[in-house]
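**Student:** Before I ask anything, here is the structure I am working with.
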Amino acid sequence: MYPFKLPDLFSRQGGIGIVLSGPYEKIRTFRAGSPYDFQSLRYGNSDQQFKGTFSAAVELWPETIYFGAGVSVYLTTAGSADAVMNGENPTGRLAFDVGLNTAAVTGLYARSGDTGFGLVYRQEINPSSQLTFDGKIQLGGQDVVQQPLLMKSSLYFEPSSLEVDLQHRFSFMKVSAGLAWQRWSHYQPAFLILTTQDSAGNSFTTQVPAIPVRDTLNPRASVSLPFLKEKLWISAGYQYRPTPLSDLSGPVNLLDSSTHVAGLSASYFFPASEGWLWPTYVSVYGQQHWMQYRRVDKQDPSFIGGPGYDISGTAYAAGITLRADL
């Protein structure tokens, strides 16, 4: 975030910010050791896009209340239907195009002394690709059969969310606690949906299996301790992400389980000097994602591997960030 003065607006301050994120699908994909062709609900599907968030904020009340809004711009890539078609069609003639999509984000931040409060809303991300075909059969130069066909496939899904966060700084540490409400009720898996018409003009659409999903509340908490005259900060955090899937026994092979996320980070501050142009923060972090054990019981014994099987898993992530106050 880059702050600047607004002298024409009662000496208020404003700011602009840019956040870029790349595709993490290769890191976060979770695969099951089962004969079924599973789709993972959380690990991978919502992180296959390249996304940039552009935002702006303004100070409503001096050093007390701030309001911000922005837009996330992201690239839509091939869905699961495209991958299947390309496997049998090397020419790629049915490949879905890459599209550019947007989603809104807005937030409110307030602080009083050493306490701060944040409220953020993020719009749902649910892009889809559509192809329209018009099949015809001609006799004697005349159309005797005309069969329209609409092919549609969703690509990935990120639920809309409302996030609240509370921070407080004590004399010897910083603490933060938050809660995110995610709306999964609009979720649909990335199935290929076909729509066509018969000779009488009646429309027919392939049925998408009903998914038993529910909205979730995701709590989180963190604590930060200063060292070396507050140039070095050591932080630890925890987040719980309950699964929105209440039943895995149906014919839809979605894979998910409630996940515990724990992380550690260290951030060091380099002040501006003659050999260093800007105040700079360097951070390193590590995370462990632990998916809870879950038993999957299929209702129909004809399923391969029936009557059921177990799922669980652990993932690790590490990285480094660099931030400079220009």
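The values are calculated or read from the model by the stated rules, or taken from the named source; none is laboratory data. In this text, all values refer to a predicted model and were calculated from it rather than measured experimentally. A quick note on method: Cβ atoms are made from the backbone with ideal geometry, for glycine too, and the neighbour counts reach across all protein chains shown.
**Student:** Say whether the condition of being without any contact (Cβ under 8 Å) to a residue 24 or more places away in the chain, farther than 30 Å from LEU150 by Cα, surrounded by fewer than 12 Cβ atoms within 10 Å (Cβ to Cβ) and polar (S, T, N, Q) is met by at least one residue in segment 263-281.
**Tutor:** Yes: segment 263-281 contains one or more residues that are without any contact (Cβ under 8 Å) to a residue 24 or more places away in the chain, farther than 30 Å from LEU150 by Cα, surrounded by fewer than 12 Cβ atoms within 10 Å (Cβ to Cβ) and polar (S, T, N, Q).
**Student:** Another question, then. Does segment 198-205 contain any residue that is part of a strand (DSSP E or B) and crowded, with 17+ Cβ neighbours inside 10 Å?
**Tutor:** no
**Student:** Now a separate question. I'd like to know if segment 171-190 contains one or more residues that are part of a strand (DSSP E or B), among the hydroxyl-bearing types (Ser, Thr, Tyr), at negative phi and at pLDDT 95 or above.
**Tutor:** Checking segment 171-190: at least one residue is part of a strand (DSSP E or B), among the hydroxyl-bearing types (Ser, Thr, Tyr), at negative phi and at pLDDT 95 or above.
**Student:** Would you tally the residues in segment 211-227 being in contact (Cβ under 8 Å) with a residue 24 or more places away in the chain and over 24 Å from the mean Cα position of the chain (by Cα)?
**Tutor:** 4
**Student:** Additional query: Please count how many residues of segment 138-156 are in contact with a strand residue (DSSP E or B) (Cβ under 7 Å, 6 or more places away or on another chain) and either part of a loop (DSSP other than H, G, I, E, B) or surrounded by 15 or more Cβ atoms within 10 Å (Cβ to Cβ) (or both).
**Tutor:** 6
**Student:** If the requirement is being part of a loop (DSSP other than H, G, I, E, B), out of contact with any helix residue (DSSP H, G or I) (no Cβ under 7 Å at 6 or more places or on another chain) and hydrophobic (A, V, I, L, M, F, W, C), which of these qualifies: VAL223, VAL208, VAL261?
**Tutor:** Of VAL223, VAL208, VAL261, the one residue that is part of a loop (DSSP other than H, G, I, E, B), out of contact with any helix residue (DSSP H, G or I) (no Cβ under 7 Å at 6 or more places or on another chain) and hydrophobic (A, V, I, L, M, F, W, C) is VAL208.
**Student:** Counting only residues that are aliphatic (A, V, I, L, M), surrounded by 13 or more Cβ atoms within 10 Å (Cβ to Cβ) and within 30 Å of SER153 (Cα to Cα), how many does segment 209-237 have?
**Tutor:** Total meeting the criteria: 2.
**Student:** If we keep just the residues of segment 148-165 that are modelled with pLDDT under 75 and polar (S, T, N, Q), which is farthest from LYS51 (Cα to Cα)?
**Tutor:** Only one residue tops the list, namely SER153.
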